[in-house]
Amino acid sequence: MKLYSAPGTCATAIHIALEWIGEAHEVEHVGLKTMKSPDYLKLNPAGVVPTFIDSDQTLVEAAAILLYLTDKYPGAGLGPAVGAPDRQELYRWLTFLTATLHPYFWPHFMPMRFTTDPHGHDAVKTASRILVDKALTVIDQHLEGREWLVGDTRTVADALLYPLASWAYAFEKSTAAYANIDRVIRKLASDPAVIAMHEAQGSSPKVERLAA
Ligand SMILES: N[C@@H](CCC(=O)N[C@@H](CS)C(=O)NCC(=O)O)C(=O)O
């Protein structure tokens, strides 16, 4: 199994899932230039990470890869199986994270892609942070009285929340302001799989950087 990832990105979630699975895997970190190269575009026509190779199969889209791994490795406890009562909750949260929260961040990181006005970047970034607040509030309210996003144990949905929610620690309204999300991120930051992922990419949890 091989994962194309980049430090701090959504692809980090797949890396965490692979560490939870514990089977042999390779992670290659690629930069923006490689993601747009002809060879990489053959693997992932969108020119983004993650891309995941399993033998002769190439998979793209974070939620699809995480569901694939959940089903392929039932013993790893990555999420409820097909037919289990909480399975639809796994669909719900993977979809919310990839289709709502993640895109809300894009204008903050890449304002030039969201306006043709060179003076409009600050306004675009402000709009992005308002949307991120809206989505993080939905997640935070869902986590009230719950340990994890889905059911009673950590799942790939929490693994995906980890990089996305970590981005907002740098915002004026920090992830630390969402007490339930902050609790989940801090818990994950001490998970051996997350520690291994950080070691492999030479990074450290955003929560620790804040405390430093
Ligand atoms: N819908 C895709 C989005 C992937 C995505 O946007 N990845 C970002 C990193 S978090 C990326 O590679 N961005 C590079 C770019 O937009 O040029 C998924 O969920 O896999």
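Put simply, of Ala13, Ala99 the only residue that is assigned by TED's automatic domain parsing to the domain that holds Leu149 and out of contact with any Ser or Thr (no Cβ under 9 Å at 6 or more places or on another chain) is Ala99.
Condition (residue is surrounded by 15 or more Cβ atoms within 10 Å (Cβ to Cβ) and either in the same structural domain as Leu18 (by TED's automatic domain parsing) or at pLDDT 95 or above (or both)) applied to the range 202-211: is it met by at least one residue? There is no residue in the range 202-211 that is surrounded by 15 or more Cβ atoms within 10 Å (Cβ to Cβ) and either in the same structural domain as Leu18 (by TED's automatic domain parsing) or at pLDDT 95 or above (or both).
The C-beta contact set for the range 8-20 (first residue touching a residue at least 12 places away in the same chain (Cβ under 8 Å) and part of a loop (DSSP other than H, G, I, E, B), second residue open to solvent by 10 Å² or more (accessible area, probe 1.4 Å) and of a type in the set (Val, Ile, Thr), distance under 6 angstrom, 6+ apart or interchain) comprises Thr9/Val49; Ala11/Val49. Of all residues in the range 32-58, those being over 21 Å from the mean Cα position of the chain (by Cα) and in a loop (DSSP other than H, G, I, E, B) number 3.
For the range 77-186, which helices (runs of 4 or more DSSP H) that fit wholly inside it have 3 or more residues that are over 22 Å from Val48 (Cα atoms) and open to solvent by less than 30 Å² (accessible area, probe 1.4 Å)? Outline the logic, then answer.
Numbers: elements: 87-96, 102-109, 121-143, 156-167.
By residue number, 121-143.
Taken over the range 63-76, the criterion of being open to solvent by less than 40 Å² (accessible area, probe 1.4 Å) and in contact with a strand residue (DSSP E or B) (Cβ under 7 Å, 6 or more places away or on another chain) is satisfied by Ile65 alone.
Give the residues of the range 10-34 that are of a type in the set (Val, Ile, Thr) and open to solvent by 30 Å² or more (accessible area, probe 1.4 Å), sorted by residue number. Lay out the reasoning, then the answer.
Just the residues of the range 10-34 that are of a type in the set (Val, Ile, Thr), to begin with: 12, 14, 16, 21, 27, 30, 34.
Those that are of a type in the set (Val, Ile, Thr) and open to solvent by 30 Å² or more (accessible area, probe 1.4 Å): Val27, Thr34.
The values are calculated or read from the model by the stated rules, or taken from the named source; none is laboratory data. Predicted, not measured: the structure shown is a model, and the values here were computed from it. Glycine also receives a Cβ, built like all others from the backbone with ideal geometry; neighbour counts cover every protein chain displayed. Note: areas computed on protein heavy atoms with side chains; ligands, DNA, RNA excluded. Shrake-Rupley method; radii C 1.70, N 1.55, O 1.52, S 1.80 Å.
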